[in-house]
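Colleague: Structure in C-alpha cells, see below.
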Amino acid sequence: MFLVAAGCAFGQAVNTQATPAGRAAGEKIFRSHCASCHGVSGAGGTGPNLTTGVFYHGSTDADLYRNISQGIEGTAMPDQFFNGVQIWQIVAYVRWLSATPVRPKLVGNAAHGAELFRQKGCSDCHLVRGEGGVRGPDLSVIGSQRAPAYLRESIVEPGAHVAPEFWVAKVITKDGKNHSGFLLNQDSYAIQMLDFADGLRMIQRADFKDFGIDRGSAMPSYRDKLSAAELDDLTAFLASLERPREKN
Amino acid sequence: MRLAIGFLAATALFGQVTYERLLKAPSEPNNWMTYSGSYQSWRYSSLDQINRQNIGNLKVAWVQQMPTSHRIEATPTVVDGIMYVTEPPSNVFALDAATGRPYWHYKRSLPAYNVCCDAVNRGVAVLGDRVFLGTVDAHLVALNAKTGAVLWDVEVADRKTGYSVTGAPLVVKDMVITGVAGGEYGVRGFLDAYDIKTGKRRWRFNTVPGPGEKGHETWPTTGPNANSWKQGGGPTWVTGSFDPELNLLIWGVGNPSPDWNADVREGDNLYTDSAIALDVDTGQLKWHYQFVPHDANDWDAVQVPVLVDSDWQGKPRKLIYWAHRGGFYYVLDRQTGEFLLGKPFAKQTWAKEIDAKGRPVRLPNTAPTVEGNVIWPGVQGATNWYSPSYNPLTSLFYLTAWENKGWYLKGEPKYTPGNRYVGSVPDIDMADDPGYGAIRALNPKTGELVWEHKTQTKPWSGVMTTGSKLLFGASGGWLNRSSREDSEAYFFALDAENGKELWRINLGGTMASNPMTYMVNGKQMVTMAAGSAVFTFALP
C-alpha cells in the first residue's frame, strides 16, 4: 500500500528563553497554571514531581515543548493556551527545577507494600499492570502521576479528591431495580455507567424512579486499618509504579 | 459449552466473548465479533430485518463524530450491546451500540511514527474481558473491556525502522494474532501470535525467509544485493482468516520492498504477494501460493481470504475465494494451497494468463521503467484491502473493483532505516483516463461477472451482504480529508441478486472502511464510517 507521506517533523530549536529573565517569566506562569497540580515548588501533588530530571514522556526540549503546549494524550496533563515564547519560558523554568531535585524520602518497603496491596483487598478494586479489579482507578503507573504525599493521603482519606469519573451513580428504575456504578457519562436522555454488578450499561432517564450522584469515594478509608509502617510500605509500593520511559 | 442461537446466549454470557463463541460467530448475528464477522471472513450477516422491501425507510439512528482529523478505516466490533471502534491513529472508543454514546475512550500518547498512507487503524479484536489493539507505533495493547485500562502493552517491532500496526488483530484460541505494516519502509514482514493473558509472544513467522530457511533461495544470496531480503518487505497489514478444522491461519502478504524497482531483488521474492497458511499453534508454514512472483507494481496480496466449503467440479472441497490486487480472481484449495482457477475480474495488461500451475505468464514490457510505463491495473490495484463478501443465499462473491491504469516509473532505491524505500512513485488517477469504480458480483466457481454497479469515483471501501440479500457498499473516498473534498461519498444498498440500487445517502466524507451490521434492542443496525465519523442506520 502506498501514498503521500504526512510529515511529522517537530520544529526543534535552541531555547532562547533559557535566561534568568526567561526563567523568571516561566516561573510566574508555572505558579498560576501548573502549581495546582505540580505543586508550588514543582515537587508534585495530583501531578508528578517535575524536579527529578526524569521525564517519562520524553526529556528533550522538543518533548517538553510538545507536552506542555499540547498536553499528554490519554493522561490528566492538560494542553495550555500559551504562545511559543511563553512555552519556551516554561520549559526553561522546568529545566531549572531539575537542577535542584526535591526527592521525597520514601521510608517504606515497596516489596512488602506489594504484598499488602493484595492482602488488604486493594487489588480487588484496582488494576496494577493487568491484575486486579475495575472498581477503582488503574494504578499501574500512579507513581509517575502523583506525589507520594498525595498517594498516602488517598489511602487514609479517599474522599479528599474524587475525580468525576469515579463519582457513583445510584439509580432505581421504574421496574424497581437498583443499579450503582461509576458514572462514566451522562446526557439529556440517559446515563452511561460502569455498573458494579455487570459492566457497561446505559439507563434512560425516562426509566428513572430515583437517581442520585454520590461524589464521595467508593473506596473505604484505611485510616485505622493500617499501621504507620504498613502505610509507608503501601506508599512506597505505589510510588514505585512508574511509567516506562519514552524511547526517543 | 454448547451454545443456543442468538439473543439468549448473548445475554447469558454478557461481556464474555469466548473462543467457542468466536467459532460460532455466524450463529450470533446480533453481534459482530471479529474484523470480517467470522473466521471464514464472509462479511455476511444472516440478519434480515432490513430487507429489499423496507430498505427505503432506512434512517440514521446515530452518528459518532470522533475528535480525530484522520479518516476512520475501522470495522467496529459489537458484543452484547457495546461497540468497540478505533479512532485513528491508535485510540479506542467503547460506545453504546443503540445510541452511539461513549462509555470510555482509550487515547494513546504517541511518539513519532512512520506510516506510508495516513495514520489509520482497522479495528480491534475482543476476547473475555479484553480488547486488543495494534498501534501505529508498532505495539500491541490489551485493554480492559469495561474501562479501557491498559492490561499489557508490548512492542511488536521497532517503529523507528518503519514498522507500524494498522490492521485489526485476530483472536484464535488463547492467542492474539497480529500482522505489521511497513512495506514502503523496507521492513522485513512477519505475522505474530501473542498470549492473550500476558502479552508474551508465542511465535513469529517471517514472511521473508532468512538464510537456511525454505524460500530464501528466491532472494539474491550472493553479490551486492545479498542482503536485500533483510529489507524485503512482505507486510501483513490486513486481517486474515482461520480454518478451525484444518487449524490453519490463512493470511495475505504484502508487496516486496522496494516497491517499484525490483532490480535489487532478483528472484521470486517469497512470500511477498502470497497467500500463506500457518499452523496456528506453531506458526509453521503449511503451504503458500504466490500471486505475483517478483512484483514491481506494489500488488500486495492484502485481501481478506474468503473461506468456503463447496463443490468443486463435482467434489466437495475446502476452497478460498480471492480477488487479488493485480486484477485476477483466484480459487485455491485451502488444504494444500493448490491453484484451481485464475481469471481476470478487471482490465489488466501484465499477464497473458495464469498457467495450469498457477504461475502468471507475464507479458513483455510490464515492469516499471525509467521513462515510465502505462500498465493496468494502476498502483492501487484492481481491488485492494477493501473487504469482499460471500453470500450463502445467492452463492455469489462480491467485491469492490477498480478499472484503472497507472504510470509506473523506476527510480533509484536507497535503503536507510526508517525512511521510505520505494524506488519511485507511480502516478494514479491519470487525468486522461482516471477510470471508474464498481461493485461486482462474481460467480465464485468460474470468476464470471454476474452483475456490476458502476461508480463515478473509485471506492476505497468494502462490501457486506445480509440474510435479506442486501449488499451494502460505498462510492468515493480518498486518503486525505483535505484533498478531493468534492468527490462523491455515497453509502448505498444494492439488491445482491441483481445489483439494482435500492437506497443511498450522501455521507459527505471519505469512506475507507467496510460496512457491518448487528442487532440491539430488537433492531437491526447497519454501520459505516465516513470521514472521521461513524454512522449507524436502522429502520424507524
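Colleague: List the pairs from B:LYS24/B:LYS318; A:LYS28/B:LYS107; A:LYS174/B:LYS24; B:LYS286/B:LYS454; A:LYS105/A:LYS225 whose alpha-carbon separation is above 27 Å, in the order I gave them.
Modeller: A:LYS28/B:LYS107; A:LYS174/B:LYS24; B:LYS286/B:LYS454
Colleague: Sum up the charges of everything whose Cβ sits under 12 Å from the Cβ of B:TRP203, counting Lys and Arg as +1 and Asp and Glu as -1, but leave B:TRP203 out.
Modeller: Counting the neighbours of B:TRP203, the net charge comes to 0.
Colleague: Additional query: Helix hunt in chain A: which complete DSSP H runs extend at least 18 Å axially by C-alpha with mean Kyte-Doolittle at least 0.0?
Modeller: Taking the DSSP H segments of chain A (at least 18 Å long, mean hydropathy at least 0.0), we get A:84-99.
Colleague: Return the FRET efficiency for the residue pair A:ALA99, A:GLU73: r is the Cβ-Cβ distance, R0 is 30 Å, and the value is rounded to the nearest 0.05.
Modeller: For R0 = 30 Å, the calculated efficiency reads 0.55.
Colleague: Ranked from highest to lowest mean number of other Cβ atoms within 10 Å per residue, what is the order of the peptides B:392-402, A:212-222?
Modeller: B:392-402, A:212-222
Colleague: Can you compute the modelled spin-label distance between B:ASN247 and A:LYS28, with each label point 7 Å from Cα toward Cβ, in nm?
Modeller: With each label point 7 Å from Cα toward Cβ, the separation is 7.2 nm.
Colleague: Using a 1.4 Å probe and ignoring any ligands, DNA or RNA, find the accessible area of A:PHE166 and quote it in Å² to the nearest 10.
Modeller: Approximately 50 Å² of A:PHE166 is accessible to the 1.4 Å probe.
Colleague: Run lengths n ≥ 4 of DSSP H only: what is the helix-derived mean residue ellipticity at 222 nm for chain B, with -39500 (n - 2.57) per run over all residues, to the nearest 500?
Modeller: One gets -500 deg cm²/dmol as the mean residue ellipticity at 222 nm.
Colleague: Taking beta carbons within 10 Å but only from partner chains, what does the mean come to for residues B:93-104?
Modeller: 4
Colleague: Taking only DSSP H segments of four or more residues, each worth -39500 (n - 2.57), what value at 222 nm results for chain A once the sum is divided by all its residues, to the nearest 500 deg cm²/dmol?
Modeller: -9500 deg cm²/dmol
Colleague: What does the charge count around B:THR369 come to, taking other residues whose C-beta lies under 12 Å from its C-beta (Lys +1, Arg +1, Asp -1, Glu -1)?
Modeller: Result for the neighbourhood of B:THR369: -1.
Colleague: Another question, then. Can you tell me the relative contact order of chain B? Whole percent, Cα pairs under 8 Å, sequence separation 6 or more.
Modeller: Relative contact order here is 15 percent.
Colleague: Using a 1.4 Å probe and ignoring any ligands, DNA or RNA, find the accessible area of B:ASP268 and quote it in Å² to the nearest 10.
Modeller: B:ASP268 exposes around 40 Å² with every protein chain in place.
Colleague: Among the chymotrypsin sites (Phe, Trp or Tyr not before Pro) within the stretch A:41-100, which fall in a DSSP loop and have no more than 13 other Cβ atoms within 10 Å of their own Cβ?
Modeller: Counting only loop positions with at most 13 other Cβ atoms within 10 Å, the chymotrypsin sites (Phe, Trp or Tyr not before Pro) in the stretch A:41-100 are A:PHE81.
Colleague: Report the net charge of residues surrounding A:ASP198, where surrounding means a beta-carbon distance below 14 angstrom and charges are Lys +1, Arg +1, Asp -1, Glu -1.
Modeller: Charge balance in the 14 Å sphere: +1.
Colleague: Another question, then. With every protein chain in place, what's the accessible area of B:TYR490 (1.4 Å probe, Å², nearest 10)?
Modeller: Rounded to the nearest 10, the figure is 80 Å².
Colleague: Further, regarding this structure: Could you calculate the FRET efficiency of B:TRP407 with B:SER69 from 1/(1 + (r/R0)^6), where r is the beta carbon distance between them and R0 is 35 Å, rounded to 0.05?
Modeller: Working from the Cβ atoms, E equals 0.70.
Colleague: Further question on the same structure: What lysines could a cross-link reach from B:LYS458, if we take a straight Cα to Cα line under 27 Å and drop same-chain neighbours fewer than 8 places away?
Modeller: Leaving aside lysines fewer than 8 places away in the same chain, those within reach of B:LYS458 are B:LYS59, B:LYS343, B:LYS347, B:LYS352, B:LYS405, B:LYS410, B:LYS445, B:LYS469, B:LYS500.
Colleague: Could you give the longest part of chain B that holds none of the GluC sites (Glu not before Pro) found in DSSP loops with at most 13 neighbouring Cβ atoms within 10 Å?
Modeller: B:1-212
The values are calculated or read from the model by the stated rules, or taken from the named source; none is laboratory data. The model shown is predicted, which means the values in this text are computed figures rather than measured ones. Counting neighbours? That spans all protein chains shown, and the Cβs are built from the backbone with ideal geometry, glycine included. Note: areas computed on protein heavy atoms with side chains; ligands, DNA, RNA excluded. Shrake-Rupley method; radii C 1.70, N 1.55, O 1.52, S 1.80 Å.
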